[in-house]
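Structure first, then comments.
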Amino acid sequence: MYFYYKNHLKETLKEYNVDYIIIKPGEKSKSEEKYLKIIHELLEKHITRKDIIVAFGGGVVGDLSGFVAATILRGVSFINIPTSLLAMVDSSIGSKVGIDTHYGKNLLGAFKNPLEVIIDFNYLKTLPKEEYNNGIAEVIKYYLIDDVSLLEDIKNNNLENIIKKSIKSKKEIITKDPFETYERMYLNFGHTFAHAIERHSNYEIPHGYAVAMGMDISIRLGIYFNITNKEVLNKLHNLYSYYDLPLFKGNIQELVPYLSSDKKAHADKINFVFIKDVGTPYIKQIEKEVFYEISSF
Ligand SMILES: NC(=O)c1ccc[n+]([C@@H]2O[C@H](COP(=O)([O-])OP(=O)(O)OC[C@H]3O[C@@H](n4cnc5c(N)ncnc54)[C@H](O)[C@@H]3O)[C@@H](O)[C@H]2O)c1
């Protein structure tokens, strides 16, 4: 990705004294090892509190650099320039930054407010189609939990509305509940199983695709528990067909061991986000053991 934008960045930042740290693409870079390597590199370079860390990339770069900015020298300023659709509609908004640990995803992190988030649609011109679709999964999430009007925008791929309405949804939800005591948990719709799917696949399945599968599971479980209107499943599958998003074909029992280190889990219980219907999220505590008993749903 850096190679597409090397000259653009050099030109844009020519008046500043800039050091670049380039990371390998992929979730595996959001690791403890990479985090410490970057911290050491910045300390070697004598970073000061007056310096600014600028993230330029997808959600992996944003989460990792934001966490570096939150922690190095007890915090330096941070600017986020998201370049993937997923990062523009989701990860760059809401101040959560962090890395994965061997115990699970996003388990080491902070809330770090950036000085600025700069969203420029032009960067999406170089984004591969499957990465675009990966981001659409989170947009479908906003449609399902909050903004019913996104349906037509998603079907017509109305990019401007997709980005603006997604940001508005996320902003409204986190403004009500910045530290995730209740409403912010709605944003985790599909994510309890998505994170398990990512870990189970050793991060080979990208976040958005895992979220697509996780939302499929959540709706099917909601129907199983008589919480979710049955019609929602067809609506979901129909939307997925526009963007080649995957359904979950496996067995949820295999994923249960990976649910344990989810931050939403209290001991053996999980605050599971269902939807009653499109636009109506609903949280219910579920004992993890219950998932072992569900073989077909
Ligand atoms: N902090 C949060 O609130 C939050 C919310 C949702 C997701 N996330 C995290 O975001 C991450 C996923 O983000 P992602 O989907 O952006 O993945 P990513 O950062 O791995 O980017 C996906 C791929 O697209 C490439 N890419 C990005 N922008 C490009 C561009 N403009 N042109 C060409 N290639 C480009 C990247 O190099 C990478 O190969 C996950 O780690 C997830 O946990 C965080």
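The values are calculated or read from the model by the stated rules, or taken from the named source; none is laboratory data. None of these values were measured; they are calculated from a predicted model. Backbone-built Cβ (ideal geometry, glycine too); neighbour counts: all protein chains shown. The protein model used for the area step is the full one, side chains on, heavy atoms only, and it has no ligands, DNA or RNA in it. Shrake-Rupley method; radii C 1.70, N 1.55, O 1.52, S 1.80 Å.
Structure shown: which of Lys125/Lys164; Lys249/Lys288; Lys168/Lys288 lie over 24 Å apart, alpha-carbon to alpha-carbon? Listed pairs above 24 Å: Lys168/Lys288.
Per residue, the accessible area of the chain comes to 50 Å² when a 1.4 Å probe rolls over the protein heavy atoms. Between the helical axis of 231-242 and the longest alpha-carbon principal axis of the chain there is an angle of about 40 degrees. The convex hull drawn around the Cα atoms of the stretch 180-228, when projected onto a plane and averaged over every direction, covers 3.7 nm². Shape analysis of the stretch 105-213 yields a ratio of the Cα radius of gyration to the Kirkwood radius, Rg/Rh, of 0.96.
For the stretch 283-288, the Karplus equation 6.51 cos²θ - 1.76 cosθ + 1.60, evaluated at θ = phi - 60°, returns couplings of 9, 9, 7, 10, 6, 4 Hz by residue, with Gly and Pro reported as x. Proximity of backbone amide H atoms, modeled 1.01 Å from N, is registered between Lys276 and Tyr282 at under 5 Å, excluding neighbours fewer than 5 places apart on the same chain. With the convex hull of its Cα atoms as the shape, the chain has an orientation-averaged projected area of 14.8 nm². Here is the list for the stretch 1-99: chymotrypsin sites (Phe, Trp or Tyr not before Pro) lying in DSSP coil, each with at most 12 other C-beta atoms within 10 angstrom of its C-beta, are Tyr16, Tyr20. log₁₀ I(q)/I(0) of the stretch 1-124 at q = 0.10, 0.11, 0.23 Å⁻¹, via Debye over equal Cα point scatterers, no solvent, to two decimals? Cα-only, vacuum Debye calculation for the stretch 1-124: -0.28, -0.34, -1.60.
Each residue of the stretch 173-179 was assigned a 3J(HN,Hα) from its phi angle through the Karplus curve 6.51 cos²θ - 1.76 cosθ + 1.60 (θ = phi - 60°); the sequence is 5, 6, 5, 5, 8, x, 9 Hz, with glycine and proline shown as x. Legend: distances between Cα atoms for Lys37/Lys112; Lys129/Lys230; Lys96/Lys165; pairs beyond 23 Å are Lys129/Lys230. Remark: the stretch 45-58, residue by residue, has Karplus-estimated 3J(HN,Hα) of 7, 6, 4, 10, 5, 7, 6, 10, 9, 10, 8, 10, x, x Hz, where x stands for each Gly or Pro and the curve is 6.51 cos²θ - 1.76 cosθ + 1.60 at θ = phi - 60°. Summarising the label geometry, the points placed 7 Å from Cα in the beta-carbon direction at Lys28 and Tyr242 lie 3.5 nm from one another. Applying the criteria of a DSSP loop state and at most 14 other Cβ atoms within 10 Å to the trypsin sites (Lys or Arg not before Pro) of the stretch 48-135 yields Arg49, Lys50. For the stretch 1-38, the set of trypsin sites (Lys or Arg not before Pro) satisfying both a DSSP loop assignment and a count of at most 10 other C-beta atoms within 10 Å is given as Lys14. Nearest 5 is fine: what % of DSSP beta bridges in the stretch 2-124 come out antiparallel, could you say? Restricted to the stretch 2-124, the bridges split so that about 40 percent are antiparallel. Please work out the Kirkwood hydrodynamic radius for the stretch 129-293, using every pair of different C-alpha atoms, and report it in angstroms with one decimal place. Mean inverse Cα-Cα distance, inverted, gives 15.9 Å.
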